[in-house]
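Peer 1: Take a look at the following structure, please.
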Amino acid sequence: MAITQAMCTSFKKALLDGEMDFSSDTSQTYKIALYTSSASLDASTTAFTTSNEVSGTGYSSGGATLTVVAPTTSSTTALLDFSDVTFSSATITARGALIYQSGGSNPAVAVLNFGADKTSTAGDFTIQFPTADASNAIIRIA
């Protein structure tokens, strides 16, 4: 089992098919779910799954709703960011995460690998997204 950081292939196709809209369709909600080191997530992940999802105090299945920071461009790169998200008073251990669109088939957007298990014990577990620029934004299309 492994978590390999990637933009999901099905997400790339959904963008080309016009199925994902991060700015004008306010009915589309995006979430982030947390996973243990036993999870198997990578570019071929197509949808949210509860298999090896984190469980514990301060975390509910499906994760947390993300706030989309409007898509923008920097030179020839289009980029997208989310506001940081915190699971308050959480007692959990996570190795990675899945960003997905909530609803319908819960299609996958991106897999995140934290590089090691991250733990909180009755404290805040915060996902801090990288700087929203052409080199670092969580979602970049160059």
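The values are calculated or read from the model by the stated rules, or taken from the named source; none is laboratory data. Computed from a predicted model, the values in this text were never measured in an experiment. Note: ideal-geometry Cβ built from the backbone for every residue, glycine included; neighbour counts use all protein chains shown.
Peer 1: Looking only at region 81-98, decide whether some residue is of a type outside the set (D, E, K, R), touching a residue at least 60 places away in the same chain (Cβ under 8 Å), under 25 Å from Met20 (Cβ atoms) and surrounded by fewer than 19 Cβ atoms within 10 Å (Cβ to Cβ).
Peer 2: Going through region 81-98, the residues of a type outside the set (D, E, K, R) turn out to be 82-83, 85-94, 96-98.
Next, only the ones that are touching a residue at least 60 places away in the same chain (Cβ under 8 Å) stay: 94, 96-98.
Cutting the leftovers down to under 25 Å from Met20 (Cβ atoms) gives us 94, 96-98.
Subset that is surrounded by fewer than 19 Cβ atoms within 10 Å (Cβ to Cβ): none.
No, that holds for no residue.
Peer 1: Where residues in region 1-21 are touching a residue at least 12 places away in the same chain (Cβ under 8 Å) and either touching an Asp or Glu at 6+ places or on another chain (Cβ under 7 Å) or over 13 Å from Pro107 (Cβ atoms) (or both), which of them is surrounded by the most Cβ atoms within 10 Å (Cβ to Cβ)?
Peer 2: Ile3
Peer 1: Output the number of residues of region 99-138 satisfying the condition of being assigned to a strand (DSSP E or B), of a type outside the set (Ser, Thr, Tyr) and crowded, with 20+ Cβ neighbours inside 10 Å.
Peer 2: The total comes to 10.
Peer 1: Please specify each residue of region 22-46 satisfying the condition of being surrounded by 14 or more Cβ atoms within 10 Å (Cβ to Cβ) and either assigned to a loop (DSSP other than H, G, I, E, B) or in contact with a Pro (Cβ under 6 Å, 6 or more places away or on another chain) (or both).
Peer 2: Those that are surrounded by 14 or more Cβ atoms within 10 Å (Cβ to Cβ) and either assigned to a loop (DSSP other than H, G, I, E, B) or in contact with a Pro (Cβ under 6 Å, 6 or more places away or on another chain) (or both): Phe22, Gln28, Thr36, Ser37, Ala39, Ser40, Asp42, Ala43, Thr45, Thr46.
Peer 1: Okay, moving on. Quick test of your reading of the structure: Thr49 fulfils all but one of (1) touching a Lys or Arg at 6+ places or on another chain (Cβ under 9 Å); (2) among the β-branched types (Val, Ile, Thr); (3) in a loop (DSSP other than H, G, I, E, B). Name the failing condition by number.
Peer 2: Of everything listed in (1) touching a Lys or Arg at 6+ places or on another chain (Cβ under 9 Å); (2) among the β-branched types (Val, Ile, Thr); (3) in a loop (DSSP other than H, G, I, E, B), Thr49 misses just condition (1).
Peer 1: For Gly62, only one of the following conditions fails: (1) outside any loop (DSSP other than H, G, I, E, B); (2) under 22 Å from Ala14 (Cα atoms); (3) touching a residue at least 12 places away in the same chain (Cβ under 8 Å). What is its number?
Peer 2: (1)
Peer 1: Among Val85, Val54, Val69, which is the only one that is among the hydrophobic types (A, V, I, L, M, F, W, C) and at pLDDT below 95?
Peer 2: On the way: Val85 fails: at pLDDT below 95; Val54 fails: at pLDDT below 95.
None of the other options fit; the residue is Val69.
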